[in-house]
């Protein structure tokens, strides 16, 4: 039987990202159950660390940053939604941080209990997660149902940045995550057509902000690879597209909206069409006297892989339940920071929202220079 591999390298002055696609009936993680695994699969609706939507048919076991017994967080049943993982104080203390949520299948875990590190390069998947020690961790992380098949995507991330692989667009479903300078990470996926966009991630500890950027070529389109995985037993194919990416630039694909709540007597929320919005760290409420930063995603232009340069915010409102005020009909530019100030008193019905005031552009220094 023939096999297919595609080796695609994204090389610029600062990063190298290689993805290899292949199928092999002998290498998938498989399924398996072991009543003696002693992993906590129960849902923790209160006092959880992070929440997971497991869209796969696998029972999964989660670790924080490393595949070690003392880094084991808990288990997630198959097809379980909004599952709260335990919050062990030894793993989740008083420090807010981004981390690699590493997931193994139950079979992988049971077959390798005495040597978990052997799976470092072949976990079921990795997801970038964020733990907020000072608030409610409301973000729910999606585990794609594309995962768990006999085909594989091999990532070689030699850049100084963490990378996520997203499906069908820079804001699409996450397939997996590879730490910076990792020589090899393999994700197992189902046969399908894949349109994969790499997105680079960095958490700025000084600003308490999670920044994502995507590489784009001279045409302004995001860099991506289109590949059918698993066709006809597959033939090996190698493609080097580094020459096409000379002069690659980066964009966040978002505008950043700072909400400064100077109202004297209330917390407020940002809503879009009645849907409460959250920061990259999963925070939705801005207490009086505090500021929070929200990302406003640029829309994908229909029929293309290009993203708009501006986003209209006429559908956005700020306030509290039953008392939402429109920000106004404004277009926010990509990679630009804006600030809206909330003033007055909600109880006295004098609350007001300012127009967005431009604060400058987003610095991409973290993504264009080595640490």
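If you count, for each residue, the other Cβ atoms within 10 Å and average over each peptide, how do 57-64, 276-283 line up from highest to lowest?
57-64, 276-283
For segment 136-229, take N as its residue count and report Rg(C-alpha) divided by 2.2 N^0.38 Å.
Ratio of Rg to 2.2 N^0.38 Å for segment 136-229: 1.14.
Sorted by packing (mean other beta-carbon atoms within 10 Å per residue), highest first, where do 301-308, 83-90 land?
83-90, 301-308
Given labels modelled 7 Å from the Cα in the Cβ direction, how far is it in nm from residue 361 to residue 320?
4.0 nm
Tell me, what is the Rg over Rh of segment 254-363, with Rh the Kirkwood radius over Cα pairs?
Value, to two decimals: 0.99.
Quickly work out the residue 121-to-residue 343 label distance, labels modelled 7 Å from Cα along the C-beta direction, and quote it in nm with one decimal.
According to this spin-label approximation, the distance is 6.0 nm.
Could you pull the Cα extents of segment 42-175 along its three principal axes, largest to smallest, in whole Å?
38, 37, 32
Which of the peptides 325-337, 157-169 is most tightly packed, and how do the rest follow, judged by the mean count of other Cβ atoms within 10 Å per residue?
Order by mean packing, descending: 157-169, 325-337.
For residue 158 and residue 96 in the same chain, what is the full-extension length gain: residue separation times 0.36 nm, less their Cα-Cα distance, in nm?
Gain in length upon complete extension: 19.7 nm.
How big is D, in µm² s⁻¹, for segment 37-91 by Stokes-Einstein at 20 °C and 1.002 mPa s if Rh is the Kirkwood radius over C-alpha pairs?
Estimated via Stokes-Einstein, D reaches 191 µm²/s.
Mind giving me the nanometre distance, one decimal, between the label points for residue 46 and residue 290, set 7 Å out from Cα along Cα→Cβ?
It works out to 2.1 nm between the two label points.
Each value in this text was obtained by applying a stated rule to the coordinates, not by laboratory testing. Being a predicted model, the structure only gives us computed values, none of them experimental. With ideal geometry, Cβ positions are generated from the backbone for all residues, glycine too; neighbour counts draw on all protein chains shown.
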